[in-house]
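The values are calculated or read from the model by the stated rules, or taken from the named source; none is laboratory data. The shown structure was predicted, so the numbers you read here are calculated from the model rather than taken from an experiment. All Cβ positions, even for glycine, are placed from backbone atoms using ideal geometry, and neighbour counts span all protein chains on display. The protein model used for the area step is the full one, side chains on, heavy atoms only, and it has no ligands, DNA or RNA in it. Shrake-Rupley method; radii C 1.70, N 1.55, O 1.52, S 1.80 Å.
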Amino acid sequence: MTRLSVNVNKIAVLRNSRGGSEPDVVRAARACLDAGAFGITVHPRPDARHITEADVHALAALTRQRGVEFNLEGNPFAPPRAGYPGFLALCEATRPAQATLVPDSDAQVTSDHGFDFAEDCGRLAELIAALKAIGCRVSLFVDADPAAAARGATDGVEAAARIGAQRVELYTGPFAHAFALGDAGAA
């Protein structure tokens, strides 16, 4: 069965660009849940350009209260800094149902590639074990594009399973681009 988890990051982008507390991220998440969403997803970034640490805690409380899933996405390799304790620390504090690991950098507007499993398997396996130990289901962001082989990111789904991930999130940018060009079949 397909279940919808709504990402409320863009609500926070709008709030932060305006200053103040409106629109309210928790109120928006509540509206999504009232409309039947199965869960809430957020991707806090170290620069806090949208979802903040305080948002993560408030949304974790809301999802616990409602008995729905909370999915926390982020780069597990980004170091802690002022206002951002680090991804693993956020997960330990809020205990999301799912932790989705994404290899994005601070400068990225959005996630645009999967992990390089040739390079990251060892570190990811340790993080997956730590997240599972605190009760999180773990998903990894992987490339579905054969061109990713040039980066050593081949067999992302198989590598994710081998190191203990229970789910994958596919980066579908190449498919979307091919679809826009009328060549979705090849992708």
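Find the residue count for region 40-55, including only residues that are within 11 Å of Val8 (Cα to Cα) and under 13 Å from the mean Cα position of the chain (by Cα).
Number of matching residues: 6.
Which residue pairs have Cβ atoms closer than 6 Å, lie 6 or more positions apart in sequence or on different chains, and pair a first residue in region 22-37 that is over 14 Å from Ala61 (Cβ atoms) with a second residue that is among the basic types (Lys, Arg)?
Going by the 6 Å Cβ cut-off, the qualifying pairs are Pro23/Arg15.
Among the listed residues Ala176, Ala161, which satisfies the condition of being assigned to a helix (DSSP H, G or I), open to solvent by 20 Å² or more (accessible area, probe 1.4 Å) and either at pLDDT 85 or above or among the polar types (S, T, N, Q) (or both)?
Going through Ala176, Ala161 in turn, just one is assigned to a helix (DSSP H, G or I), open to solvent by 20 Å² or more (accessible area, probe 1.4 Å) and either at pLDDT 85 or above or among the polar types (S, T, N, Q) (or both): Ala161.
Restricting attention to region 1-25, and to residues there that are within 20 Å of Gly74 (Cβ to Cβ) and over 18 Å from the mean Cα position of the chain (by Cα), which single residue is surrounded by the fewest Cβ atoms within 10 Å (Cβ to Cβ)?
The selected residue is Asn16.
Cβ-Cβ distance below 7 Å, separation of 6 or more or different chains: which pairs start in region 55-74 with a residue that is in contact (Cβ under 8 Å) with a residue 24 or more places away in the chain and end on one that is open to solvent by 20 Å² or more (accessible area, probe 1.4 Å) and among the aromatic types (Phe, Trp, Tyr)?
Correct list of pairs: Val68/Phe38; Glu69/Phe38.
Pull up region 129-158, narrow it to residues that are in a helix (DSSP H, G or I) and modelled with pLDDT of 90 or more, then point me to the one that is least open to solvent (accessible area, probe 1.4 Å).
Of everything passing the filter in region 129-158, Leu131 is least open to solvent (accessible area, probe 1.4 Å).
Please state which of the following conditions Ser105 fails to meet, knowing it meets all the rest: (1) touching a strand residue (DSSP E or B) at 6+ places or on another chain (Cβ under 8 Å); (2) outside any helix (DSSP H, G or I).
Unmet condition: (1).
Every residue, every condition in (1) surrounded by 13 or more Cβ atoms within 10 Å (Cβ to Cβ); (2) not aromatic (Phe, Trp, Tyr), yes or no:
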{"site": "Arg64", "(1), (2)": "yes, yes"}
{"site": "Phe70", "(1), (2)": "yes, no"}
{"site": "Arg81", "(1), (2)": "no, yes"}
{"site": "Ala89", "(1), (2)": "no, yes"}
{"site": "Thr100", "(1), (2)": "yes, yes"}
{"site": "Ser105", "(1), (2)": "no, yes"}
{"site": "Gln108", "(1), (2)": "yes, yes"}
{"site": "Asp116", "(1), (2)": "yes, yes"}
{"site": "Leu127", "(1), (2)": "yes, yes"}
